[in-house]
Amino acid sequence: MKGGWRWAAALVVTGAVWAGCKQQAGHDQSEQNNPGLDSPQDEDGSTKPPDAGTDDGERPDAGTPPPDAGTGGGGRPDAGTPPPPPEEAIQFTSPPGWRFFGTQHGGPRRVYAVTADEGGNVWVAGGEDGLFLLRPGADTLQRFTLEDGLRPYGFMPDGSVPPGEKYLKVISVAGGPAGTVFVGYEGRPGKGADHCESNWDGPKPDPSRYKSGDADKVTLRSDGTLEVVHYDIFSGPNVVRDELRGREKLCNILRIAYDRNTNSVWFGGNHGFARGDARYTGNNTCNGQLSCSGVMEHVHPHINALDAHGNSILLTDAYYGVAVHPSGDVFFGGSNRSTRFRYGTNSNNYWRAQSMTEDRPYPWNRFDIWPDRVGEPGMPRPADRMDDHVSGMAVADDDTVWVSSFSRGLARMNAEGGDIRYINVGVPNLAAVAVDPADDSVWTGARWLGLVFRVKDGKVLTYGCPDFGMRLCMSRVSDIQVDRHGGRRILVAFMGSDEYRVPGAIGIYTGN
């Protein structure tokens with residue numbers, strides 16, 4: 001191991017009606033002047049990757065980074081645009097404990113996330129290429145697309161298919177019971193009123209946009225085909241008190257977590273987060289009613305702020321952090337604030353947990369992990385803000401919570417959001433975090449390059465270019481998850497790179 005160890009610098013109420021987004025003033029500008037679903041930025045606003053921190057000093061030219069999971073920039077080329085030439089498959093090295101799968105194994109061109117179900121099946125979010133499956137003991141991946149039943153769009157009120165273009169982009173996965181995976185989609189790309197979050201409330205609502213995205217429960221049948229149940233993450237007419245027409249806000253499902261103990265599927269998305277019933281069997285004509293939708297949406301630890309002109313705005317966006325606590329509570333981390341959604345400790349009362357995240361008496365449950373200069377009840381101006389840009393969360397056995405940031409690095413806090421400590425792994429731009437059940441070490445990965453870091457006993461082990469080879473190192477980490485079933489495995493998603501023409505890959509670590 002050339003990277004070696006080095007010291008870290010620091011260590012359901014049927015028929016209920018509830019209110020809409022609670023804000024004290026202003027309008028929602030969470031998608032403006034805030035990286036959110038765009039490529040997260042450094043403090044100076046640049047998107048230039050930092051130095052890789054590799055021991056040999058080599059790194060690819062920074063250039064312009066490709067778009068991140070959840071952006072609208074990764075769509076299909078315009079009609080008539082010739083497809084790019086195929087990318088050459090990565091010839092993987094063999095560092096101890098690691099095994100890699102790429103396009104030569106039937107994998108996707110871009111890898112957004114990787115997970116395992118309780119039966120040991122590895123599932124891969126392959127963006128526009130679809131959903132991929134690596135069965136136990138297999139050497140090649142199986143691909144699933146729209147033709148196999150994936151449904152990256154919801155239903156019209158009569159249960160019919162929305163008219164217009166259908167857009168497939170798988171950006172998140174979470175393993176469930178054996179043979180089952182929960183799959184998150186990006187909505188159809190667009191800006192302004194064409195964005196899937198804004199289109200429902202815009203001047204020309206387009207079902208192909210506002211019904212796009214959301215999530216599926218995908219179960220592998222014995223004959224190898226799929227059974228697909230769609231979670232249409234919206235509220236129908238007369239469900240939300242202040243939005244009686246209905247509410248369509250969440251569409252890009254950035255991260256998912258499954259909790260067997262509460263039969264919950266937790267969706268982290270644009271604007272906020274939501275809960276799905278893991279036992280849901282579907283209802284095409286439900287039209288977003290609580291009694292039959294299998295969904296409760298949405299919650300966010302938003303803050304009120306001021307824009308550059310002194311206008312009041314609401315900030316909430318990009319909940320990439322999703323981590324289940326043994327109590328049945330769930331930690332959610334977003335661009336601006338994080339929270340402990342106190343679901344299990346309130347006897348699975350979603351409404352009570354929502355109040356304790358959103359309402360004015362509970363500022364202590366809205367965590368500002370990298371603090372702004374002005375906190376609640378004040379309203380920070382742009383110069384006062386230090387947006388957290390959370391990219392991942394993980395709960396350790398000692399009841400601490402680890403938080404990675406797209407732009408701020410790595411932090412550790414207690415389960416009440418206090419005693420925050422910052423850990424320097426060498427780069428500030430991190431894309432995911434996971435806790436290793438084998439020894440409580442912490443795994444995280446670089447946002448811009450294919451570097452993986454392991455924090456253990458106050459030291460940082462770096463897997464870098466000398467270990468992975470330069471081509472995989474020119475990729476970037478997009479997700480890290482842990483498979484705890486049938487022996488612990490660390491699963492790492494390497495996105496790939498449009499600029500350097502490097503395809504994506506998955507890495508599976510089974511070493512000590």
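The values are calculated or read from the model by the stated rules, or taken from the named source; none is laboratory data. It should be emphasised that the depicted structure is a prediction, and the values quoted were computed from it without experimental measurement. Here the Cβ positions follow ideal geometry from the backbone for every residue, glycine too, while neighbour counts run over all protein chains shown.
Can you find, within the range 442-474, the residue that is surrounded by the fewest Cβ atoms within 10 Å (Cβ to Cβ) among those that are small (Gly, Ala, Ser) and within 25 Å of Leu254 (Cβ to Cβ)?
Once the filter is applied, the top-ranked residue is Ala446.
Do we find that Leu254 is under 23 Å from Asp194 (Cα atoms), over 18 Å from the mean Cα position of the chain (by Cα) and not β-branched (Val, Ile, Thr) in this structure?
no
Only one of these conditions is not met by Thr140: (1) closer than 16 Å to Glu186 by Cα; (2) touching a His at 6+ places or on another chain (Cβ under 9 Å); (3) among the β-branched types (Val, Ile, Thr). Which number is it?
Exception for Thr140: condition (1).
Being surrounded by 16 or more Cβ atoms within 10 Å (Cβ to Cβ) and aromatic (Phe, Trp, Tyr) is the filter; apply it to the range 343-357 and report the residue that is nearest to Ile420 (Cα to Cα).
Tyr343
Quick check on my filter: what residues within the range 475-495 are assigned to a loop (DSSP other than H, G, I, E, B) and surrounded by fewer than 24 Cβ atoms within 10 Å (Cβ to Cβ)?
Scanning the range 475-495 gives Arg484, His485, Gly486, Gly487, Arg488.
From the list Phe406, Phe453, Phe367, exactly one residue is out of contact with any Asp or Glu (no Cβ under 7 Å at 6 or more places or on another chain), over 30 Å from Ser312 (Cβ atoms) and aromatic (Phe, Trp, Tyr). Which is it?
Phe453 is the lone residue from the list that is out of contact with any Asp or Glu (no Cβ under 7 Å at 6 or more places or on another chain), over 30 Å from Ser312 (Cβ atoms) and aromatic (Phe, Trp, Tyr).
Tell me, please, whether a residue that is surrounded by fewer than 19 Cβ atoms within 10 Å (Cβ to Cβ), basic (Lys, Arg) and within 29 Å of Ala431 (Cβ to Cβ) can be found in the range 190-210.
There is at least one residue in the range 190-210 that is surrounded by fewer than 19 Cβ atoms within 10 Å (Cβ to Cβ), basic (Lys, Arg) and within 29 Å of Ala431 (Cβ to Cβ).
What's the total number of residues in the range 303-323 that are touching an Asp or Glu at 6+ places or on another chain (Cβ under 7 Å) and in a loop (DSSP other than H, G, I, E, B)?
1
Being more than 30 Å from Val122 (Cβ to Cβ), touching a Ser or Thr at 6+ places or on another chain (Cβ under 9 Å) and of a type in the set (A, V, I, L, M, F, W, C): is that true of Leu290 here?
It is true that Leu290 is more than 30 Å from Val122 (Cβ to Cβ), touching a Ser or Thr at 6+ places or on another chain (Cβ under 9 Å) and of a type in the set (A, V, I, L, M, F, W, C).
Can you name the condition, by its number, that Ser160 falls short on among (1) surrounded by fewer than 24 Cβ atoms within 10 Å (Cβ to Cβ); (2) touching a helix residue (DSSP H, G or I) at 6+ places or on another chain (Cβ under 7 Å)?
(2)
Would you pick out the residues in the range 358-409 that are surrounded by 21 or more Cβ atoms within 10 Å (Cβ to Cβ), part of a strand (DSSP E or B) and not hydroxyl-bearing (Ser, Thr, Tyr)?
Those that are surrounded by 21 or more Cβ atoms within 10 Å (Cβ to Cβ), part of a strand (DSSP E or B) and not hydroxyl-bearing (Ser, Thr, Tyr): Arg366, Phe367, Val390, Gly392, Met393, Ala394, Val401, Trp402, Val403, Gly409.
Return yes or no: is Val181 modelled with pLDDT under 95 and hydrophobic (A, V, I, L, M, F, W, C)?
Taking the combined requirement at face value, the residue does not satisfy it.
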